[in-house]
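Below is one structure, written out as structure tokens; comments come after it.
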Amino acid sequence: MKLIKKESVIDVLKQCFDPELPIDLWNLGLIYDIQIQESYNEQQSDINIVMSLTTPGCTMGEQIAQDIKNKLESNNEVNQVFVEVTFDPPWEPGMMSTEARQKLGVGLNNAQESKETKINMEWE
């Protein structure tokens, strides 16, 4: 069985948006981990996603997680999607991609722009 590619999962995550910001979850830096494994039926993949929210008090977590599940599970290569929300480490604006910071008009100095978080470096 050929597992779905991470790039395909990331493409879908780029179609999932924070309801309060005009930026997708991927570029916001809210996706911390993606694990893909063979499903029990051996014809599809199961996907585990660990993500955060911009604030611990955000009430949209379930809606965002359900949006991810719905979009990924509509793909014939995907059996189930599990989304875990964590606040370790807490999200901070420096986790956003350069594209997201520019779109939101969040200016960072050169030292901050060159600092990449471990989370983003693993996927880019």
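Here is a yes/no grid of residues against (1) without any contact (Cβ under 8 Å) to a residue 24 or more places away in the chain; (2) closer than 13 Å to Glu92 by Cα; (3) surrounded by 15 or more Cβ atoms within 10 Å (Cβ to Cβ):
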position	(1), (2), (3)
Leu13	no, no, yes
Cys16	no, no, yes
Pro19	no, no, no
Leu28	no, yes, yes
Ile31	no, yes, yes
Gln37	no, no, no
Asp46	no, no, yes
Ser52	no, yes, yes
Considering region 1-11, residues that are assigned to a helix (DSSP H, G or I) and among the charged types (D, E, K, R), and then whichever is surrounded by the most Cβ atoms within 10 Å (Cβ to Cβ), we arrive at Lys6
If I filter region 80-94 for residues that are aromatic (Phe, Trp, Tyr) and either assigned to a loop (DSSP other than H, G, I, E, B) or in contact with a His (Cβ under 6 Å, 6 or more places away or on another chain) (or both), do I get at least one hit? yes
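Laboratory data are not the source of any read-out in this text; all were calculated from the coordinates shown. Only a predicted model underlies this, so the values are computations on that prediction, with no experimental measurement involved. No Cβ is skipped: glycine too gets one built from the backbone with ideal geometry, and neighbour counts run over all protein chains shown.
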